Amino acid sequence: MIRYIIRRLLMTLPTLFLVGVSVFALIRLIPGDPAQLMLGDSVDPGELVEVRRQMGLDQPIHIQFFEWASKVLQGDLGVSLSDGQAVLPLLVERFQVSGVVVLIAVMAALMIAVPAGLFAAHKQNRAADISIVALSTVLLSIPSFWLGLILLLTFGLALGWLPVVGYVPLSTSFLIGMSFLVLPIATLAVIEAGVLTRMMRASAIEVQRLEYVTHARAKGASEWRVLTRHILPNAFAPTLTLVGLILGNLLGGIAVLETVFTLPGLGRLLVDAIFARDYPVVQGCLLFTALIYVLVNLLVDLCYPLLDPRVTAE
Amino acid sequence: MQTLRHIASTVGILLLCCLGAAMLATSASAAEPTQLRARLLSDIRSTDPGVNRDGTTDSVVMHIVEGLVALAEDTSIVPMLAASYDIAKDGVTYTFRLRRGIHFHNGALLTAGDVAWALKRYFDPATKWRCLPEVDGRGQAKVVAVEAPNAETVVIRLERPAPLFLTMLSRPDCGGTGIIHRSSVGADGSWKAPIGTGPYKLGEWKRGQYLELKRFDKYQARSEPASGYAGGKKAEVDTIRFLVVPDSASAKAALLGGSVDILPDVNESELADIQSKSNIKVDISTTPGISGILFNTRDPVMRDVRIRRAIALAIDGKELVSGTTNDLAKLNNSAMPSISPFYTEVQRTGFVPNIAEAKRLLKEAGYNGRPIKILANKRYGTMYDTALIAQGLAAYAGIRLEVEVLDWATQLDRYTRGNYQMMAFAYTSRLDPSLVYDMLVGPKAIQTQKVWDNPEAQALVAESMRETDKVKRQRIFDELHRRMLQDVPLIVYWNGIQITAYHKRVVGFRQWPMEHPRYWLVRMKP
């Protein structure tokens, strides 16, 4: 098991290297540079050259890359060209916000999706199943920013139950902090619940047709026991794969939601950095996201044997 | 069964948390009478005046620092930390006599030594001050000495006369050349935090979230009425909290819901909805910024003045301005801002729509209906709308405009490189008409971002910068306007519009021609 984990972690190194190289090159291929954006419409050629020099952008691109890469190997992702902040602490700080929202939202989505998907599969092609499928299709079709705005206008503006803008870290005050996170979490949970419900239902339908389920029923096991002991663990494995992918995607940034709810998360940081052509932050964000993606999926892979003894980590 | 119980209890705890949090948030959001909450579209870049900055940064920093002189509402330059100033007859020696009893935010008294230190720091290339090229000989002025002959007098000597030197010192993008205390920087010269003399001092800054300014109790206001960045200022609220709210729909919801008190940059499209709310007030003002369409006169098609003129005649400016700004702005075909004292009958003349003449010019120029690309972006909606409306109106004369939408950074890059045919664009405010023309006129071979490559116009702009006589300057600006209408290197359509919406409990807010909102003298109704 340990060897497997080490091997998988080592396999991430070429991935991260490729991500690093491509991100470094791609962000520089996009027209526009941070010096120009800083100077705006009053750009003077001499001034532009000077600001580019101050930002280190006057160096040949391969020199810039090796300087950046050597710092990355020492755990230094550089400093933001916009505000001079160190990138790594900035990423960690922003990830804490996105991470909390995403983890709670996906947990909540699972709590909805697993029973709903199982129930729909159990009542396949009946009114309950059709309703659940229809509802989940609607949910996964809703754009997150639209649902977010509707919830914001309803619970923040019309009812005044929750704050409309701002953020308080949970470490400062858990309850007040949660009041700022309830709506983004609810938005994300509702949408992801739609996706997961459909997957859970499809897997459960497939599993409940297998012979061992019929055998369990023939032995006289209660329907509840069949569902929870025999169908659920096997049907959950594909859903878990999807959870891994969802977590990987979402942890990399929920930029739209973070913008709507003014959350200082990783996604908003990345989008702002792209618009500002803040190269070190963009590179740092994407490297960080790739790492998170790999780690989450490794974790998911390691969870498989817990659900299905036929699967081994080796 | 146990699993279900776990799930049920977890959901229950979450719901309780949400409920409790909602109740707490409701009580927490009760308005504090001495806090003003203002929206920032994006976070500031730094607190170092005029160094790592953008427009948002300037608007915050100008609450913390003050310069020797400041910009008044009528764009005149008046003393601020200086009690008075003299410009010697030679035009190169500026003598400032400081006001007495001015304190820095750390309690230290302002002295001429502090001023000289702060100015020398700005003039040091290591500071990376944005306006350094304006004072080191590359631009209008070259400062050769900054002296403090006694505790209340500061002398600045220039190499040659520069009539716009004080204007430059007061520019918000130069941080108003705000005087800061030495303790604003560390022993190694690195920036720590601004210890200024303004009515507010820096409080907490949570990057990406908010920045708080606190009332400076020892602030000593000038006796004159407040005007622009000058005159008597007073911190009426205990704190100003600048909240970073990038999304305009969320910002609007925050204003209507009472989480934000003031929105200084409302989109034209949202104005009607906001104006319909009884608890919200709206201020609309014209700024010196100019919006319009740029032509690249080096482009094989657009280098023909007949085609540029045909486009100018084909587009009905009034219709374009009305459609783009929801009737908030008025047509102004001059680069001279309509609020400038130099804006006269001459500047009121512009392009009169004439489709027949446009068609004739196009025929004469041999235009064959080949598409012409006009660049725009959606970050600044008015630029996009300008391009779309221009496309529709130009079609009446048989001109095929193709709108290419880019992100702002890319469009700015194309502007800087002079890589476009046409572009919907907007320039930020400049304090003096010479600076407006200076931004437009120049040799494209060296300065690719310039739109008007005309040596005679360049000479006129240089002359306007040297000239101090108002009548003579007026003549120069009139001539520049006439020549610009002839050359058509760009079509100016309107001056900037600043829309600010604020809750009725906000009292004393007043819009002014510069884009940056000022929150001194603003108080909150209990």
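Data for the structure
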| item | result |
| --- | --- |
| Three-way shape label, segment B:87-154, alpha-carbon gyration tensor, a/c 1.5 | oblate |
| Amide proton proximity set for residue B:227, modelled H, under 5 Å, gap of 5+ | B:232 |
| Set B:128/B:192; B:234/B:525; A:123/A:219; B:201/B:233; B:330/B:373 screened for pairs whose C-alpha atoms are more than 23 Å apart | B:330/B:373 |
| Per-selection Kirkwood Rh - chain B (Cα, Å, 1 d.p.) | 25.2 |
| Over chain B: helical MRE at 222 nm, DSSP H runs n ≥ 4 each giving -39500 (n - 2.57), nearest 500 | -9500 deg cm²/dmol |
| Relative contact order computed over segment B:131-227 (Cα-Cα under 8 Å; 6+ residues apart), in percent | 13 |
| Rounded to 5, the percent of DSSP beta bridges in the protein assembly as shown classed as antiparallel | 75 |
| Solvent accessible area, Å² - residue B:430, 1.4 Å probe, full protein context | 40 |
| Solvent-accessible area per residue for the protein assembly as shown (1.4 angstrom probe, square angstrom) | 42 |
| Solvent exposure ordering (accessible area, 1.4 Å, most first) of B:328, B:271 | B:328, B:271 |
| Accessible area of chain A belonging to carbon and sulfur atoms, whole % at 1.4 Å probe | 70 |
| Fluctuation leader among A:135, A:29, A:266 - chain A, Gaussian network, Cα springs under 10 angstrom | A:29 |
| Under the span-like rule (Cα at least 20 Å along the axis, Kyte-Doolittle mean at least 1.0), DSSP H helices of chain B | B:2-28 |
| Accessible surface of segment B:295-380 [probe 1.4 Å, protein heavy atoms]: carbon and sulfur percent | 48 |
| Nitroxide proxy distance, nm - points 7 Å out along Cα→Cβ at residue B:190 and residue A:74 | 1.4 |
| Rg to Rh quotient for the protein assembly as shown, alpha carbon positions, Kirkwood Rh | 1.02 |
| Label-point separation in nm, residue B:120 to residue B:90, each point 7 Å along Cα→Cβ | 2.1 |
| Gain in span if fully extended, residue B:471 to residue B:405, counting 0.36 nm per residue against the direct Cα distance | 19.4 nm |
| At R0 = 25 Å, FRET efficiency that the Cβ-Cβ distance of residue B:486 and residue B:318 yields, to 0.05 | 0.70 |
| Relative contact order of chain A, pairs being alpha-carbon contacts under 8 Å that are 6 or more residues apart, as % | 26 |
| Whole-percent carbon and sulfur share, accessible surface of segment B:143-203, 1.4 Å | 51 |
| Rg/Rh for segment B:123-182, where both radii come from Cα atoms and Rh is the Kirkwood radius | 0.95 |
| For segment B:308-379, the fraction of alpha-carbon pairs in successive 5 Å shells from zero, as % | 3, 14, 17, 20, 20, 14, 9, 3, 0 |
| Pairwise label distance in nanometres, residue B:330 with residue A:229, each label 7 Å out on the Cα-Cβ vector | 8.6 |
| Protein-only accessible surface order, largest first, of A:230, B:516 at 1.4 Å | A:230, B:516 |
| Surface accessible to a 1.4 Å probe, residue B:287 within the full protein complex, Å² | 0 |
| Kyte-Doolittle mean at least -1.0 and Cα axial length at least 30 Å: DSSP H helices in chain A | A:2-29, A:87-122, A:174-208, A:279-307 |
| With DNA, RNA and ligands ignored, accessible area of residue A:301 (1.4 Å probe; Å², nearest 10) | 50 |
| Pairwise centroid distance, computed over Cα atoms, of segment B:304-329 with segment A:232-299, Å | 45 |
| Partner lysines for residue B:470 [C-alpha distance under 22 Å; skip if fewer than 8 residues away on the same chain] | B:89 |
| Relative contact order (%) - segment A:17-151, alpha-carbon pairs under 8 angstrom, separation at least six | 9 |
| Local net charge near residue A:130, Cβ-Cβ under 15 Å (Lys/Arg +1, Asp/Glu -1) | +3 |
| Expected 222 nm ellipticity per residue - DSSP helices of 4 or more, -39500 (n - 2.57), all of chain A, to 500 | -24000 deg cm²/dmol |
| Reachable aspartates and glutamates, given that their alpha-carbon falls under 19 Å from the alpha-carbon of residue B:359 and they are not under 8 places away in the same chain | B:304, B:316, B:402, B:487 |
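The values are calculated or read from the model by the stated rules, or taken from the named source; none is laboratory data. Values in this document were obtained by computation on a predicted structure and should not be read as measured data. Ideal geometry is used to build each Cβ from the backbone, glycine not excepted, and the neighbour counts take in all protein chains shown. Surface accessibility is based on the protein's heavy atoms, side chains included, excluding ligands, DNA and RNA. Shrake-Rupley method; radii C 1.70, N 1.55, O 1.52, S 1.80 Å.
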